[in-house]
1. With all protein chains present and a 1.4 Å probe, how do Y341, Y312 order by accessible area, largest first?
2. Whole number please: convex hull volume per residue of the Cα set in the chain, in Å³?
3. Not counting ligands, DNA or RNA, and with a 1.4 Å probe, what is F444's accessible surface area in Å² rounded to the nearest 10?
4. May I ask you to give the solvent-accessible area per residue for the stretch 410-458, in square angstrom, as obtained with a 1.4 angstrom probe?
5. Quick one: dipole size for the stretch 83-332, taken about the Cα centre, charges +1 on Lys/Arg Cβ and -1 on Asp/Glu Cβ, in debye to the nearest 20.
6. Could you tell me what percent of the DSSP beta bridges with both partners in the chain are antiparallel, to the nearest 5?
7. Using +1 at the C-beta of Lys and Arg and -1 at the C-beta of Asp and Glu, which of M409, A239, N144 has the Cα lying farthest in the positive direction of the dipole of the chain?
8. If you put +1 on each Lys and Arg Cβ and -1 on each Asp and Glu Cβ, how big is the dipole of the chain around its Cα centre, in Debye rounded to 20?
Amino acid sequence: MTIAGRTSAESRQPRRPAAIAGSSMKTIIEPFRIKTVEPIRMTTREQRETILQHAGFNLFLVQAEDVLIDLLTDSGTGAMSAEQWAGVMRADESYAGAKSFTRFEERLRSITGFDHILPTHQGRASERILFALLGGKGRVVPNNAHFDTTQANIEHSGAQAINLPIPEASDPTNRHPFKGNVNVEALEALIADVGADRIPCIMITVTNNSGGGQPVSLQNIKDVRRVCDQHGLPLILDACRFAENAYFIKLREEGQQDRPVADIVREMFDLADGATISAKKDGIVNIGGVLLLRNADLLRRASELLILTEGYTTYGGLAGRDLEAMAQGFEEVLHEDYLQYRIRSTGYLGDKLLEAGIQIVEPPGGHAIYVDAKHLCPHIPQAQFPGQAVVCALYRLGGIRACEIGSVMFGGKGHAPPAMELVRLAIPRRVYTQSHIDYVIEVFRDVKQMAPELRPLRIIEQPPALRHFTARFEEL
Ligand SMILES: *Cc1c(COP(=O)(O)O)cnc(C)c1O
């Protein structure tokens with residue numbers, strides 16, 4: 001039976017610390033011991049009240065040391081292993097042809113099967129280089145759902161970014177096992193409509209970050225590959241969470257249960273002509289990225305751009321120690337006990353919130369849980385930011401920092417209100433233990449209790465663009 005399938009049996013168990021249960025109903029423990037600790041500074045409710053007022057009710061303006069549990073993002077916030085830190089010391093900082101680059105290159109080659117590995121400083125640098133080559137006015141780039149930096153880089157080149165998720169993706173209660181899939185029919189219709197010559201590549205984001213961290217099935221990647229072949233188009237993976245996606249395939253897709261995750265990962269990359277990767281996710285490092293390309297001409301031109309703006313091809317804007325940390329992180333992320341713990345612990349948070357009557361985007365995603373704030377605060381109109389009200393309550397009551405993904409982020413002049421008002425709880429890798437997560441669940445139960453009293457907000461100060469980072473609010 002799959003881990004996902006155990007949830008209901010497990011929830012019938014009396015509540016023991018246990019909750020992350022294995023096949024014999026034993027706890028799926030964190031598969032690591034803690035060697036270095038970073039103290040969390042405790043704050044009182046009164047202190048947090050003052051901090052929140054000073055920050056204009058915007059958690060991006062709160063200092064990290066004033067946060068107890070920081071679930072703002074899983075990007076670059078993971079904990080490195082002893083072996084990664086050892087690599088940092090071992091690193092070769094030579095300008096060209098460093099040993100650290102060779103180790104990084106060999107590791108990525110063996111995982112992905114790509115011959116040529118370009119390091120970049122993070123995911124968006126890979127995107128910028130790729131779309132400087134493939135983008136441009138009049139072009140159209142489809143994806144299951146573009147991440148915001150991908151969309152911005154495509155649009156910056158003059159091209160248009162199109163999202164083609166399956167219909168199930170927009171219903172928070174729909175438990176489709178591969179809610180990240182590309183809508184293949186809509187893709188074929190788009191190609192028929194705009195013409196293949198205007199489409200420089202087709203992208204698939206695994207897992208689909210903008211769509212709730214939902215996975216894409218191997219079958220769906222194969223189906224998109226078939227469409228690419230029919231029209232002679234390259235397939236590019238946004239592979240930031242390739243390992244989490246492959247583990248979901250192992251758990252949920254027919255016939256995949258007995259395969260090593262590394263095999264599934266290899267098959268995913270074999271289907272692609274290129275990939276952009278932010279190593280701040282499944283590379284389990286604090287900074288780093290990768291660009292993979294098979295086409296020799298494209299690769300040559302990408303290398304030239306890399307040298308122009310990032311750095312020489314054997315360091316790509318990073319230090320040798322970053323390359324060492326990535327080489328090791330990309331290996332550790334494929335350990336199946338790690339992936340079991342990772343996916344199950346995110347699922348645990350999601351299941352417990354559902355049990356407490358808090359609607360989330362179901363089923364739980366790989367890296368984050370998305371809470372439906374409209375459902376929690378039906379008394380707050382969208383224009384008065386129900387998601388931000390929940391974000392403020394989480395901080396007030398428990399010092400938890402989460403991220404609004406709703407009208408604050410996507411609204412404003414000239415924008416239609418978004419379909420969903422979500423609060424994202426992103427889980428950093430290997431950072432928090434189960435008792436931290438149990439604490440988050442307890443705070444959420446309190447938030448739910450006082451939800452009818454949560455106060456609507458009004459923006460009193462905002463910049464012209466990307467207002468969620470710096471806007472200031474007042475409570476109504
Ligand atoms: C984080 C992310 C990116 C961008 O990566 P950065 O390292 O933040 O530049 C691109 N795509 C997806 C799906 C991501 O999650």
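The values are calculated or read from the model by the stated rules, or taken from the named source; none is laboratory data. Keep in mind that this is a model prediction, so the values were computed, not measured. Cβ: placed from backbone, ideal geometry, glycine included. Neighbour counts: every protein chain shown. Accessible surface is based on the protein model in full, side chains and every heavy atom, while ligands, DNA and RNA are left aside. Shrake-Rupley method; radii C 1.70, N 1.55, O 1.52, S 1.80 Å.
1. Ranked from most to least accessible, the order is Y312, Y341.
2. 146
3. Counting only protein heavy atoms, F444 exposes about 0 Å² to solvent.
4. Result: 50 Å² per residue.
5. Its charge dipole is roughly 260 debye.
6. Counting DSSP beta bridges with both partners in the chain, the antiparallel share is about 65 percent.
7. M409
8. 560
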